[in-house]
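Structure record follows, encoded as structure tokens.
All of the numbers you see were taken from the coordinates with simple rules; none came from a lab. All figures in this text were calculated on a predicted structure; none of them were measured in a lab. Every residue, glycine among them, receives a Cβ derived from its backbone with ideal geometry; neighbour counts consider all protein chains shown.
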């Protein structure tokens, strides 16, 4: 009863805890939205590689805080709500965001087709939540009665001020992103289907199958350089495997054709001192590696075809590495050279603090 009296009281003044709760909800929602854009937007991806995992953790924490504030406020005021339908969309959206967020963090604990739906569902629910918040605020800002108390007037003034702040922030992000594209030369390509296309250098090496050469060297008894057609004859395989990005998105059921790395290594005969297989990209920058034991356990192979056609240039063609059991940053694009070595070199993403053993969690 005391809570009911306190909630009904507010004709003289809008209670300070509610002002603070609304303010923190606005600020945390903006921060969560911004961090989500940074994680998923291809333009920011290459420039923030070293911070992506930390931003992902912060995004999850911010989402939990926003959810706690919204659901906490809805629960406290639930017995005194006259229009419960106003809050039903919020409850549904928070459930969708929670479940899809869990799938993004732990994709290995669900079927790949379900994990592939997680990011689209999370994005749609996020934008829907922002729309609900805007409509909720607009409804409260437009609610006028002839004898309204000071509390309602204060709330309206607060929400109007908040709407201006949010509008300014959105405009700043849009203008800033446009300027960033001009300055950076749009280093990343746009999404392709369910894929997000990334390039560390901002370029996509265009090597034809006729000009393609793959050199296998290092600690091997029979180093060799393969032409594309020659490579196709080395242990051809067909595989259907999902592709997991470390930032959370998944593409399920990718149809791959390629070359068995174990058969390729058998041809060049690694020396007893060889411990790691190192992959170098034709972009001149990207490098990563697997231990020989990881090679077997991860099911890694070289892909020469994808979904019924040659591997497109933006996906790393004509030949790319695919490591199904590990996150996508291990699957080196535009593979031009393979070296057998005794020590593991520092990979491109590993240089930013990412684990060399990138098993899907």
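Subtracting the Cα-Cα distance of residue 225 and residue 292 from their residue separation scaled by 0.36 nm leaves 22.1 nm. Divided by 2.2 N^0.38 Å, where N counts the residues, the Cα radius of gyration of segment 249-361 comes to 1.01.
Residue 102 to residue 194: extension gain in nm, 0.36 nm per residue of separation minus the Cα-Cα distance?
On the way: separation 92, 0.36 × 92 = 33.12 nm, distance 1.93 nm.
Additional length available on full extension: 31.2 nm.
Once both labels are positioned 7 Å from their Cα atoms along Cα-to-Cβ, the gap between residue 136 and residue 240 label points is 4.2 nm. R0 = 41 Å: FRET efficiency of residue 273 with residue 57, Cβ-based, nearest 0.05? Given R0 = 41 Å and the Cβ-Cβ separation, E is 0.55.
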